[in-house]
Amino acid sequence: MDLAQTLVRSVARAFYTGADERRLILVIDALVFHNTVRDDDLSHLMRLNSKDLNKVYSRLRDDHFLHTYSRPELKAGKDKPTMRTYYYIDYRQAIDAIKYRTFLLDKKVQGDAVPQQEKKDYFCSYCKAEWTQLEVLDNMDPIRGFMCHRCGTILDYDPDRKAGGHELSTRLNNQLKFILDVLPKLDNVAIPEFDFETARAASIEVHRPRGNEGVDSIVVPDGKPTAVKGMANIGPQNIHINITDTDGPTEAEKEAERLKKEAAAQANALPAWHLTSTVSGISYSGSANATATSKTDEVDVKKPEALSDD
Ligand SMILES: [Zn+2]
């Protein structure tokens, strides 16, 4: 799973290079870290209004990175449920999309290079046949990769087996070396089914600063808002309910809240490489004090510039 997450993040950085595309990288990073993020939390994290968030969403959806799951939830103190949307990454689909996209990119460059003699990058370890990428195009197993035309064995991809005259292609392969290295490794790893329930169960909550808390809401059992009454025993059993005491917090609760906020600031703190520019080695974040949460947000905005010089 770590490998899949690393791949998705790297690919986002490799593909989203435009100035207006950098926020896409941040959304991917947030979703890798939190697993699922509710619509209002994502708006908060990205500082995007719902219109811009939709733009980001449709782009990432079209690139097969992002999935959404909507369900009615009951906000505390409200009678009618509202639809809440959760965003998450379906790693299986994302990896398939990455494979396809990498392949298209590779094909495009190979086409531009007008090869005199197509390089036979694909090698069958069983019958020893060699194939060019074009030849194996129509014989692809979506999960395992390209197959041998002669015997059906999954082919080994090895661009360095024979010296070929594809300078452009070589350059591309160097740029995408990490991706091309990781993809075959992922073929040997079972990527678990990553549906919404799985993702949600493993989620790390987005903690928000005081005054900007999201409104707590509970899942409407069975997903049917009109069938709530008398159906209390139906639907998911381990629903996380968090309703604030209407009489106001006691001193003990205030202290607990303060500790929770501190923990939240820690939890939202980003890993070391996140905070440090790969170019200069300078850390953006001074110290982990009480304002760590808001500083984290600033780091999020600055990060793409820091990485863009790679
Ligand atoms: Zn073969």
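We did not get these values from a lab; they are worked out from the coordinates using the rules stated. Just so it is clear, the model here is predicted, and its values are computed rather than measured. Because the Cβ atoms are built from the backbone with ideal geometry, glycine has one as well, and the counts that use them run over all protein chains shown.
Between Lys177 and Arg150, how many nm apart are label points set 7 Å from Cα along the C-beta direction?
Once both label points are built, they end up 3.1 nm from each other.
In debye, nearest 20: dipole of region 1-114 around its Cα centre with unit charges on the Cβ of K, R (+) and D, E (-)?
In debye, rounded to 20, region 1-114 gives about 220.
Between Leu134 and Val189, what length comes free when the chain is fully extended (0.36 nm per residue of separation minus the Cα-Cα distance, one decimal in nm)?
Extending this stretch completely gives an extra 17.1 nm.
May I have the convex hull volume per residue, in Å³, for the Cα set of region 1-132?
That works out to 135 Å³ per residue.
Between Ile204 and Asn54, what is 0.36 nm times their sequence separation minus the Cα-Cα distance? Round to one decimal in nm.
Full-extension gain reported as 51.8 nm.
For Cys127 and Asp2 in one chain, what is 0.36 nm times their gap in residues minus the Cα-Cα distance, to one decimal in nm?
Difference between extended and current length: 41.6 nm.
Let's test the formula: R0 of 30 Å, r as the Cβ-Cβ distance of Asp79 and Ala256. What FRET efficiency results, to the nearest 0.05?
Efficiency, rounded to the nearest 0.05: 0.55.
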